[in-house]
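S.K.: Take a look at the following structure, please.
Any read-out appearing in this document is the output of simple, stated calculations on the displayed coordinates, not a laboratory observation. Just so you know, these numbers come straight off a predicted model, no measurement behind them. Cβ atoms come from the backbone with ideal geometry, glycine included; neighbour counts cover every protein chain shown.
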Amino acid sequence: MINVDLPLNVSRYHFLITMEYFIDQEKYFYLIILHINAAICIGATVWVAIGSMIIACLQHTCGMFRISSYRIKDAININSRQNITLENKILMIEGTICAVDIYRQAIKLNKHLMSKLEIMFFCLIVCFVTSLTLNLYQIVSFENNIEKLILPFLYVSVSILYMFLANLMGQIITDHNNHVFTTA
């Protein structure tokens, strides 16, 4: 029998995500909806958890850069006082050594994180750009059906927001790194 979509006077179920189930879809409609919603909730939770962990690691790196710049500023302030003694010079040198060590650890942590996440970020960027392009094409070529326009518009909005936040985190790390050099 040919599967043709003819206008019938019968209510039909409409799934946002098309999947093939090898069961009676009308009989187990609510279980299928439960399965789809559970998959979406688990996926969203994992997505938010991974993003939160990456942001926490990057914030830790930014904190290390701030501590390093504070230590450099403190070491320079010891030297700028009027009484320049051997003890003050030793304190300045020790403070500078500690600041440089913290800076090196922050750079090492940042390189380690980037080496582990580089391939994942590349794949993520390729997927997001492809999804963004296809959804923008779908928005441009819609046929006056607002219901079919909502989901691609939502995907485009989330993709742009996610890319913006990822670039913002990179810019924050760059700013904290530059703050170390402007302090010195």
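S.K.: Just wondering, is there one or more residues in the range 97-108 that are touching a helix residue (DSSP H, G or I) at 6+ places or on another chain (Cβ under 8 Å), at negative phi and not in a helix (DSSP H, G or I)?
M.R.: no
S.K.: Here is a further query. Report the residue count in the range 112-150 for those that are assigned to a helix (DSSP H, G or I) and either over 30 Å from THR61 (Cβ atoms) or touching a strand residue (DSSP E or B) at 6+ places or on another chain (Cβ under 7 Å) (or both).
M.R.: Taking the range 112-150 as the starting set, the residues that turn out to be assigned to a helix (DSSP H, G or I) are 112-140, 146-150.
So of that shortlist, the ones also either over 30 Å from THR61 (Cβ atoms) or touching a strand residue (DSSP E or B) at 6+ places or on another chain (Cβ under 7 Å) (or both) come out as 133-140, 146-150.
Counting residues in the range 112-150 that are assigned to a helix (DSSP H, G or I) and either over 30 Å from THR61 (Cβ atoms) or touching a strand residue (DSSP E or B) at 6+ places or on another chain (Cβ under 7 Å) (or both) gives 13.
S.K.: For ASN88, all conditions in the list (1) within 18 Å of CYS57 (Cβ to Cβ); (2) surrounded by 11 or more Cβ atoms within 10 Å (Cβ to Cβ); (3) among the polar types (S, T, N, Q) hold save one; what is the number of the exception?
M.R.: (1)
S.K.: Now a separate question. Could you please tell me which pairs satisfy a Cβ distance under 8 Å, a separation of 6+ or placement on different chains, a first residue in the range 150-172 that is touching a residue at least 12 places away in the same chain (Cβ under 8 Å), and a second residue that is polar (S, T, N, Q)?
M.R.: Final answer for the pair search is PRO152/ASN135; PRO152/GLN138; PHE153/ASN135; TYR155/SER131; TYR155/ASN135; VAL156/ASN135; SER159/SER131; SER159/ASN135.
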